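See structure below.
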Amino acid sequence: MTMSAEVSTIHPLGPTTVEDWLAEDQPADGSRLELILGHLYMTPPPTGSHQHATFRLSRCLDDALMDAGRDDLHVLPGVGVRLNTAFRTGVIPDIVVVDVDVDHTSFEPDNVVLAVEVWSPGNTRAERDTKVAAYAGARIPYLWIVELPEGQPAKFWGYRLGQTVYRQEVYAEAGEVVMPPAPVKVEVPTADLN
């Protein structure tokens, strides 16, 4: 007796492509529209403390690049990165360091040397884990993560990409000055991030 079966699989990806995401208008109120595994996610506008930390980190990075004479690298806050077309993921990190001309609205992951995420309380654990895995899958060499717990010093993690995952090299939670992994030597006074 011969049996046949039809196997139906449900594709885990949402319907939105990276091209669809790029064609969307970003919200005028400062919210960010990101694409994760084919689904559009809207994050609320960043708070003042979030933007303060982003500005301070951008300045640290830009100063370090200038001191190192690296005019081939550029610090950009809040630009789109097309992490993976097959997995339909495009995000807007708080800061990136890129190695190409800055005259783009979004960047290929091959041109992103460092990504920085300043997590807000609204970022879920699943969103955080998915983004970190997407950055690793896109082979972005360095990743910094910052949390700003209310009434406490900033928490800072610095990662370097290993074979397939990030390896933590730096952690600070008490206002330390750290030298996280980066394309150039950079000191981050984490107490200044609050």
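Below, the figures for the structure above:
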item: Conditions (1) touching a helix residue (DSSP H, G or I) at 6+ places or on another chain (Cβ under 6 Å); (2) closer than 18 Å to Arg32 by Cα; (3) hydroxyl-bearing (Ser, Thr, Tyr): number failed by Thr85; result: (2)
item: Subset of segment 136-150 [modelled with pLDDT of 90 or more and within 26 Å of Gly175 (Cβ to Cβ)]; result: Tyr142, Leu143, Trp144, Ile145, Val146, Glu147, Leu148, Pro149
item: Selection from segment 160-194 of residues that are buried (at least 17 other Cβ atoms within 10 Å of the Cβ), assigned to a loop (DSSP other than H, G, I, E, B) and either under 17 Å from the mean Cα position of the chain (by Cα) or among the basic types (Lys, Arg) (or both); result: Pro180, Pro181, Ala182, Pro183
item: Pairs where the first residue, in segment 168-186, is touching a residue at least 40 places away in the same chain (Cβ under 8 Å) and the second is part of a loop (DSSP other than H, G, I, E, B) and of a type in the set (Lys, Arg), C-beta under 8 Å, 6+ apart; result: Pro183/Arg70; Val184/Arg70
item: Residue among Val118, Val98, Val91, Val112 that is under 22 Å from Pro189 (Cα atoms), of a type outside the set (Asp, Glu), surrounded by 16 or more Cβ atoms within 10 Å (Cβ to Cβ) and within 14 Å of the chain's Cα centre (by Cα); result: Val118
item: Qualifying residues in segment 135-167 (those that are of a type in the set (Val, Ile, Thr) and without any contact (Cβ under 8 Å) to a residue 60 or more places away in the chain) - the one nearest to Arg59 (Cα to Cα); result: Ile145
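The values are calculated or read from the model by the stated rules, or taken from the named source; none is laboratory data. This one's a predicted model, so the numbers in the text were calculated from it and none came from an experiment. Because the Cβ atoms are built from the backbone with ideal geometry, glycine has one as well, and the counts that use them run over all protein chains shown.
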